[in-house]
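Read the figures in this text as sums done on the coordinates, not as results from a lab. Predicted, not measured: the structure shown is a model, and the values here were computed from it. Quick reminder, even Gly has a Cβ in these numbers, built from the backbone with ideal geometry, and neighbours come from all protein chains shown.
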Amino acid sequence: MNGRYLLDTNAIIAFLAREAGIENNLATADEVFLPVTAIGELHYGARKSGKPGENLARIDELVLSSVVLACDSETARRYGEIKNGLRMKGRPLPENDIGIAAIARQHGLTLVTRDMHFRQVDDLNTVAW
């Protein structure tokens, strides 16, 4: 499975849980990226977990071995486009997910996610592993 992928938070969690399906697909990907927004969501989840120290360490290790894509003015432009398109459809998404979709569209990446609501975003390629 060749391609360039951006991992949504739930895909990163599945990877950290060592789910075979996602590990196998990622092993054959050309390039894999993490959105900065998902890293924030992971940090929040780790802090409210029963093992915050252990979980934060795993996130830090993942970030050190990954390419994390941040937001810039182009991301903000795409964010506005996506949010307005969803408003016009009457299909709002969580703010963080709009940001993740904007990063994926900006860089021409396929979003790996298990959240079906991303299908509401025009011109966004998604895959569920």
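Annotations
- The label point for residue 64 and the one for residue 51, both projected 7 Å from the Cα toward the Cβ, are 1.8 nm apart.
- Rounded to the nearest Hz, the phi-derived 3J(HN,Hα) couplings of region 114-122 under the Karplus curve 6.51 cos²θ - 1.76 cosθ + 1.60 (θ = phi - 60°) are 10, 8, 5, 5, 5, 5, 6, 7, 5, where x marks glycine and proline.
- Estimated purely from DSSP H runs of n ≥ 4, each contributing -39500 (n - 2.57), the mean residue ellipticity at 222 nm for the chain is -17000 deg cm²/dmol once divided by its residues.
- Cα-Cα pairs of the chain separated by more than 17 Å (percent): 57
- Estimated distance in nm for a label pair at residue 43 and residue 107, the labels positioned 7 Å out from Cα along Cα-to-Cβ: 1.8
- FRET E, pair residue 73, residue 30, Förster distance 41 Å, beta-carbon r, rounded to 0.05: 0.90
- Percent breakdown of C-alpha pair distances by 5 Å bin, ordered from the shortest bin, for region 13-68: 4, 18, 26, 27, 17, 6, 2
- Once backbone amide H atoms are built at 1.01 Å from N, residue 126 has 111 as its partners under 5 Å, excluding neighbours fewer than 5 places away on the same chain.
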